[in-house]
Amino acid sequence: MNRALRKTVIAGNWKMNKTPSEAVELINAIKAELAGKKTDGCEIVACVPYVDLVPVIEAAKGSPIKVGAENVHFAASGAYTGEISAAMLCEIGTEYVIVGHSERRQYFGETDNTVSARLTAALAAGLKVILCVGETLEQRELGVTAETVSAQTKIALSGITAEQLKNVIIAYEPVWAIGTGKTATADQADEVCGIIRGVIASLYGESSADGITVQYGGSMNAKNAAELLGKPNVDGGLIGGASLKAPDFAAIIAAANA
Ligand code: PEP
(Lines give C-alpha, C1' and ligand atoms only; values in the text may rest on other atoms or scores of the structure.)
Protein backbone atom coordinates (compact mmCIF):
# COMPACT_ATOMS: atom_id res chain seq x y z
CA MET A 1 0.00 0.00 0.00
CA ASN A 2 1.41 3.37 -0.96
CA ARG A 3 -0.46 6.33 0.48
CA ALA A 4 1.63 8.84 -1.46
CA LEU A 5 -0.17 7.68 -4.61
CA ARG A 6 -3.53 9.11 -3.62
CA LYS A 7 -4.90 12.46 -2.59
CA THR A 8 -6.59 13.39 0.63
CA VAL A 9 -10.01 14.90 0.05
CA ILE A 10 -11.92 16.90 2.65
CA ALA A 11 -15.50 17.35 1.48
CA GLY A 12 -18.40 19.07 3.17
CA ASN A 13 -21.94 17.83 2.71
CA TRP A 14 -24.24 20.73 3.54
CA LYS A 15 -27.40 18.59 3.12
CA MET A 16 -30.62 20.67 3.05
CA ASN A 17 -29.08 23.67 4.78
CA LYS A 18 -28.31 27.21 3.61
CA THR A 19 -30.29 29.38 1.25
CA PRO A 20 -28.27 30.85 -1.63
CA SER A 21 -27.39 34.01 0.29
CA GLU A 22 -26.48 32.02 3.41
CA ALA A 23 -24.41 29.66 1.26
CA VAL A 24 -22.34 32.53 -0.15
CA GLU A 25 -21.83 33.82 3.38
CA LEU A 26 -20.55 30.40 4.48
CA ILE A 27 -18.19 30.03 1.52
CA ASN A 28 -16.81 33.49 2.17
CA ALA A 29 -16.32 32.60 5.84
CA ILE A 30 -14.48 29.38 4.89
CA LYS A 31 -12.31 31.33 2.43
CA ALA A 32 -11.46 33.81 5.18
CA GLU A 33 -10.55 30.96 7.55
CA LEU A 34 -8.29 29.39 4.93
CA ALA A 35 -6.53 32.60 3.88
CA GLY A 36 -2.79 32.35 4.42
CA LYS A 37 -3.00 28.74 5.64
CA LYS A 38 -1.51 25.64 4.01
CA THR A 39 -4.23 23.93 1.95
CA ASP A 40 -2.35 22.10 -0.78
CA GLY A 41 -2.11 18.91 1.27
CA CYS A 42 -5.70 18.07 0.41
CA GLU A 43 -8.46 18.74 -2.08
CA ILE A 44 -11.30 20.77 -0.55
CA VAL A 45 -14.87 20.29 -1.75
CA ALA A 46 -18.18 21.82 -0.70
CA CYS A 47 -21.22 19.77 -1.74
CA VAL A 48 -24.23 22.03 -1.60
CA PRO A 49 -27.96 22.10 -2.44
CA TYR A 50 -28.77 22.49 -6.15
CA VAL A 51 -30.00 26.07 -5.87
CA ASP A 52 -26.79 27.08 -4.11
CA LEU A 53 -24.49 25.72 -6.82
CA VAL A 54 -24.31 28.74 -9.11
CA PRO A 55 -23.69 31.37 -6.39
CA VAL A 56 -21.29 29.08 -4.51
CA ILE A 57 -19.29 28.25 -7.67
CA GLU A 58 -19.01 31.99 -8.31
CA ALA A 59 -18.05 32.77 -4.71
CA ALA A 60 -15.46 29.97 -4.59
CA LYS A 61 -13.61 31.23 -7.69
CA GLY A 62 -9.96 31.98 -6.95
CA SER A 63 -10.03 29.84 -3.79
CA PRO A 64 -8.96 26.21 -3.32
CA ILE A 65 -12.60 25.17 -2.76
CA LYS A 66 -14.18 22.96 -5.42
CA VAL A 67 -17.93 22.62 -5.58
CA GLY A 68 -20.15 19.56 -5.75
CA ALA A 69 -23.82 18.60 -5.81
CA GLU A 70 -25.45 16.22 -3.35
CA ASN A 71 -27.22 14.00 -5.88
CA VAL A 72 -27.79 13.58 -9.63
CA HIS A 73 -30.35 11.77 -11.76
CA PHE A 74 -29.35 8.68 -13.72
CA ALA A 75 -31.02 9.60 -17.00
CA ALA A 76 -29.44 12.04 -19.45
CA SER A 77 -32.75 13.88 -19.89
CA GLY A 78 -36.46 13.20 -20.14
CA ALA A 79 -39.71 13.00 -18.22
CA TYR A 80 -38.35 13.03 -14.66
CA THR A 81 -40.14 15.96 -13.08
CA GLY A 82 -38.08 17.68 -10.42
CA GLU A 83 -34.81 15.94 -11.22
CA ILE A 84 -31.40 17.32 -12.26
CA SER A 85 -29.10 15.69 -14.84
CA ALA A 86 -25.33 15.37 -14.85
CA ALA A 87 -25.10 17.57 -17.96
CA MET A 88 -26.99 20.32 -16.15
CA LEU A 89 -24.53 20.14 -13.26
CA CYS A 90 -21.53 20.18 -15.60
CA GLU A 91 -22.74 23.15 -17.60
CA ILE A 92 -22.80 25.39 -14.52
CA GLY A 93 -19.28 24.32 -13.50
CA THR A 94 -20.01 21.67 -10.85
CA GLU A 95 -17.00 19.37 -10.42
CA TYR A 96 -18.17 16.77 -7.90
CA VAL A 97 -21.34 14.93 -6.96
CA ILE A 98 -22.22 12.71 -4.01
CA VAL A 99 -24.09 9.51 -4.87
CA GLY A 100 -25.58 6.91 -2.58
CA HIS A 101 -25.62 8.96 0.61
CA SER A 102 -27.35 6.95 3.34
CA GLU A 103 -30.00 9.65 3.73
CA ARG A 104 -30.94 9.11 0.09
CA ARG A 105 -30.96 5.35 0.62
CA GLN A 106 -33.02 5.73 3.82
CA TYR A 107 -35.57 8.40 2.85
CA PHE A 108 -35.73 8.38 -0.96
CA GLY A 109 -35.72 4.72 -1.96
CA GLU A 110 -32.15 4.71 -3.27
CA THR A 111 -30.92 1.18 -4.00
CA ASP A 112 -27.50 -0.18 -4.94
CA ASN A 113 -28.72 -0.39 -8.53
CA THR A 114 -29.92 3.23 -8.72
CA VAL A 115 -26.67 4.32 -7.06
CA SER A 116 -24.79 2.47 -9.79
CA ALA A 117 -26.90 4.14 -12.50
CA ARG A 118 -26.31 7.61 -11.02
CA LEU A 119 -22.58 6.98 -10.72
CA THR A 120 -22.38 5.79 -14.32
CA ALA A 121 -24.29 8.84 -15.59
CA ALA A 122 -22.19 11.25 -13.54
CA LEU A 123 -18.87 9.82 -14.74
CA ALA A 124 -20.05 9.77 -18.35
CA ALA A 125 -20.79 13.50 -18.10
CA GLY A 126 -17.36 14.26 -16.64
CA LEU A 127 -18.21 14.71 -12.95
CA LYS A 128 -16.10 13.33 -10.12
CA VAL A 129 -18.15 11.10 -7.86
CA ILE A 130 -18.10 10.66 -4.10
CA LEU A 131 -19.72 7.24 -3.67
CA CYS A 132 -21.08 6.63 -0.16
CA VAL A 133 -21.22 3.16 1.35
CA GLY A 134 -21.74 2.05 4.92
CA GLU A 135 -23.48 -0.35 7.23
CA THR A 136 -26.41 0.24 9.58
CA LEU A 137 -26.07 -0.40 13.29
CA GLU A 138 -28.04 -3.63 12.86
CA GLN A 139 -25.66 -4.82 10.12
CA ARG A 140 -22.62 -3.99 12.30
CA GLU A 141 -24.11 -5.86 15.24
CA LEU A 142 -24.89 -8.85 13.01
CA GLY A 143 -21.23 -8.89 11.92
CA VAL A 144 -21.95 -8.21 8.24
CA THR A 145 -20.16 -4.85 7.87
CA ALA A 146 -17.56 -6.20 5.43
CA GLU A 147 -20.16 -8.00 3.33
CA THR A 148 -22.41 -4.91 3.27
CA VAL A 149 -19.80 -2.38 2.17
CA SER A 150 -18.27 -4.87 -0.28
CA ALA A 151 -21.62 -5.53 -1.97
CA GLN A 152 -22.49 -1.82 -2.07
CA THR A 153 -19.09 -1.03 -3.62
CA LYS A 154 -19.17 -3.85 -6.16
CA ILE A 155 -22.71 -3.12 -7.34
CA ALA A 156 -22.12 0.65 -7.55
CA LEU A 157 -19.00 0.12 -9.65
CA SER A 158 -20.39 -2.50 -12.01
CA GLY A 159 -19.43 -1.61 -15.58
CA ILE A 160 -16.95 1.09 -14.47
CA THR A 161 -13.49 0.84 -16.04
CA ALA A 162 -10.17 1.35 -14.23
CA GLU A 163 -9.78 4.62 -16.16
CA GLN A 164 -13.19 5.86 -15.01
CA LEU A 165 -12.40 4.77 -11.45
CA LYS A 166 -9.79 7.54 -11.30
CA ASN A 167 -12.73 9.95 -10.95
CA VAL A 168 -14.32 8.05 -8.08
CA ILE A 169 -13.81 8.65 -4.37
CA ILE A 170 -15.39 6.25 -1.93
CA ALA A 171 -16.72 7.55 1.37
CA TYR A 172 -17.12 4.96 4.11
CA GLU A 173 -19.98 6.29 6.18
CA PRO A 174 -21.32 4.00 8.90
CA VAL A 175 -25.00 4.93 9.05
CA TRP A 176 -24.98 4.80 12.85
CA ALA A 177 -22.32 7.54 12.95
CA ILE A 178 -23.98 10.07 10.64
CA GLY A 179 -25.37 13.10 12.41
CA THR A 180 -25.45 11.19 15.69
CA GLY A 181 -22.29 12.50 17.32
CA LYS A 182 -21.14 8.85 17.50
CA THR A 183 -17.89 8.56 15.58
CA ALA A 184 -16.42 5.25 14.51
CA THR A 185 -13.14 4.79 16.33
CA ALA A 186 -10.11 5.56 14.21
CA ASP A 187 -9.33 1.83 14.14
CA GLN A 188 -12.87 0.93 13.03
CA ALA A 189 -12.71 3.57 10.28
CA ASP A 190 -9.28 2.37 9.17
CA GLU A 191 -10.38 -1.27 9.14
CA VAL A 192 -13.42 -0.71 6.93
CA CYS A 193 -11.65 1.77 4.62
CA GLY A 194 -9.04 -0.99 4.23
CA ILE A 195 -11.73 -3.55 3.42
CA ILE A 196 -13.08 -1.23 0.72
CA ARG A 197 -9.56 -0.79 -0.67
CA GLY A 198 -9.27 -4.57 -0.75
CA VAL A 199 -12.48 -4.76 -2.81
CA ILE A 200 -10.96 -2.29 -5.27
CA ALA A 201 -7.79 -4.40 -5.43
CA SER A 202 -9.84 -7.50 -6.19
CA LEU A 203 -11.82 -5.73 -8.92
CA TYR A 204 -9.14 -3.53 -10.52
CA GLY A 205 -5.73 -4.56 -9.15
CA GLU A 206 -3.27 -3.14 -6.64
CA SER A 207 -2.38 0.05 -8.46
CA SER A 208 -6.03 1.16 -8.62
CA ALA A 209 -6.39 0.26 -4.94
CA ASP A 210 -3.31 2.32 -4.10
CA GLY A 211 -4.64 5.26 -6.10
CA ILE A 212 -8.22 5.50 -4.89
CA THR A 213 -9.20 7.96 -2.18
CA VAL A 214 -11.28 6.34 0.56
CA GLN A 215 -12.75 8.87 2.98
CA TYR A 216 -14.36 8.37 6.35
CA GLY A 217 -17.61 10.16 7.18
CA GLY A 218 -19.70 10.15 10.31
CA SER A 219 -19.52 12.88 12.96
CA MET A 220 -15.98 13.87 11.94
CA ASN A 221 -15.19 17.15 13.65
CA ALA A 222 -12.42 19.56 14.58
CA LYS A 223 -11.46 17.44 17.58
CA ASN A 224 -11.37 13.92 16.15
CA ALA A 225 -10.20 14.70 12.59
CA ALA A 226 -6.46 14.44 13.24
CA GLU A 227 -6.72 10.95 14.73
CA LEU A 228 -9.03 9.67 11.96
CA LEU A 229 -6.94 11.23 9.19
CA GLY A 230 -3.78 9.79 10.74
CA LYS A 231 -4.86 6.27 9.84
CA PRO A 232 -3.20 4.74 6.78
CA ASN A 233 -6.42 3.81 4.97
CA VAL A 234 -8.35 7.01 5.73
CA ASP A 235 -7.72 9.47 2.89
CA GLY A 236 -9.94 12.30 3.97
CA GLY A 237 -13.41 12.97 5.26
CA LEU A 238 -16.98 13.57 4.17
CA ILE A 239 -18.29 15.98 6.74
CA GLY A 240 -21.87 16.98 7.44
CA GLY A 241 -22.56 19.03 10.57
CA ALA A 242 -19.04 20.35 11.07
CA SER A 243 -18.85 21.57 7.46
CA LEU A 244 -21.53 24.15 8.26
CA LYS A 245 -19.25 25.95 10.70
CA ALA A 246 -16.36 27.69 8.93
CA PRO A 247 -13.86 27.47 11.84
CA ASP A 248 -14.59 23.75 12.36
CA PHE A 249 -14.33 22.91 8.66
CA ALA A 250 -11.09 24.90 8.48
CA ALA A 251 -9.74 22.99 11.50
CA ILE A 252 -10.41 19.68 9.73
CA ILE A 253 -8.63 21.01 6.63
CA ALA A 254 -5.74 22.07 8.87
CA ALA A 255 -5.58 18.54 10.30
CA ALA A 256 -5.33 17.18 6.74
CA ASN A 257 -2.49 19.60 6.03
CA ALA A 258 -0.49 18.99 9.20
C1 PEP B 1 -22.67 13.13 6.11
O2 PEP B 1 -23.74 13.69 5.96
O3 PEP B 1 -22.13 12.61 5.15
C4 PEP B 1 -22.07 13.12 7.44
C5 PEP B 1 -20.98 12.43 7.64
O6 PEP B 1 -22.70 13.87 8.42
P7 PEP B 1 -22.12 14.21 9.88
O8 PEP B 1 -20.70 14.65 9.73
O9 PEP B 1 -23.00 15.28 10.40
O10 PEP B 1 -22.21 12.95 10.69
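The values are calculated or read from the model by the stated rules, or taken from the named source; none is laboratory data. It should be emphasised that the depicted structure is a prediction, and the values quoted were computed from it without experimental measurement. Cβ placement follows ideal geometry from the backbone for every residue including glycine, while neighbour counts extend to all protein chains displayed. What goes into the accessible areas is simple: the full protein's heavy atoms, side chains included, and nothing from ligands, DNA or RNA. Shrake-Rupley method; radii C 1.70, N 1.55, O 1.52, S 1.80 Å.
Structural remarks
- Any chance GLU135 is open to solvent by less than 40 Å² (accessible area, probe 1.4 Å) and either part of a helix (DSSP H, G or I) or within 16 Å of the ligand (Cβ to nearest atom) (or both): yes
- The sole residue among ALA201, ALA184, ALA226, ALA222 that is assigned to a loop (DSSP other than H, G, I, E, B), open to solvent by 20 Å² or more (accessible area, probe 1.4 Å) and either in contact with a helix residue (DSSP H, G or I) (Cβ under 8 Å, 6 or more places away or on another chain) or not basic (Lys, Arg) (or both) is ALA222.
- Some residue of segment 14-26 being acidic (Asp, Glu), without any contact (Cβ under 8 Å) to a residue 40 or more places away in the chain, open to solvent by 10 Å² or more (accessible area, probe 1.4 Å) and part of a helix (DSSP H, G or I): yes
- Residue that is most open to solvent (accessible area, probe 1.4 Å) [pool: residues in segment 41-74 that are among the small types (Gly, Ala, Ser) and out of contact with any helix residue (DSSP H, G or I) (no Cβ under 7 Å at 6 or more places or on another chain)]: GLY62
- Test: residue in segment 30-45 that is over 21 Å from ALA121 (Cβ atoms), within 16 Å of the chain's Cα centre (by Cα) and not in a loop (DSSP other than H, G, I, E, B): yes
- Checked against (1) open to solvent by 40 Å² or more (accessible area, probe 1.4 Å); (2) within 16 Å of the ligand (Cβ to nearest atom); (3) closer than 23 Å to CYS193 by Cα, ALA11 passes all but condition (1).
- When SER150 is tested against (1) more than 16 Å from the ligand (Cβ to nearest atom); (2) within 19 Å of the chain's Cα centre (by Cα); (3) in a helix (DSSP H, G or I); (4) surrounded by fewer than 17 Cβ atoms within 10 Å (Cβ to Cβ), exactly one condition is not met: (4).
- Residue list for segment 116-130, restricted to those being in a strand (DSSP E or B) and open to solvent by 10 Å² or more (accessible area, probe 1.4 Å): LYS128
- Being more than 11 Å from the ligand (Cβ to nearest atom) and over 26 Å from VAL48 (Cα atoms) is a property that does not hold for ALA250.
- Odd one out for ALA156, checked against (1) open to solvent by 20 Å² or more (accessible area, probe 1.4 Å); (2) under 25 Å from ASN113 (Cβ atoms): (1)
- Annotation note: of ILE239, ILE252, ILE170, the sole residue that is under 15 Å from VAL129 (Cβ atoms), hydrophobic (A, V, I, L, M, F, W, C) and either open to solvent by 40 Å² or more (accessible area, probe 1.4 Å) or touching a helix residue (DSSP H, G or I) at 6+ places or on another chain (Cβ under 7 Å) (or both) is ILE170.
- When ALA69, ALA86 are checked against the criterion of being farther than 17 Å from LYS15 by Cα and not aromatic (Phe, Trp, Tyr), ALA86 stands alone in meeting it.
- Of the residues making up segment 74-115, those that are assigned to a loop (DSSP other than H, G, I, E, B) and under 17 Å from the mean Cα position of the chain (by Cα) are THR94, GLU95, GLY100, HIS101, GLU110.
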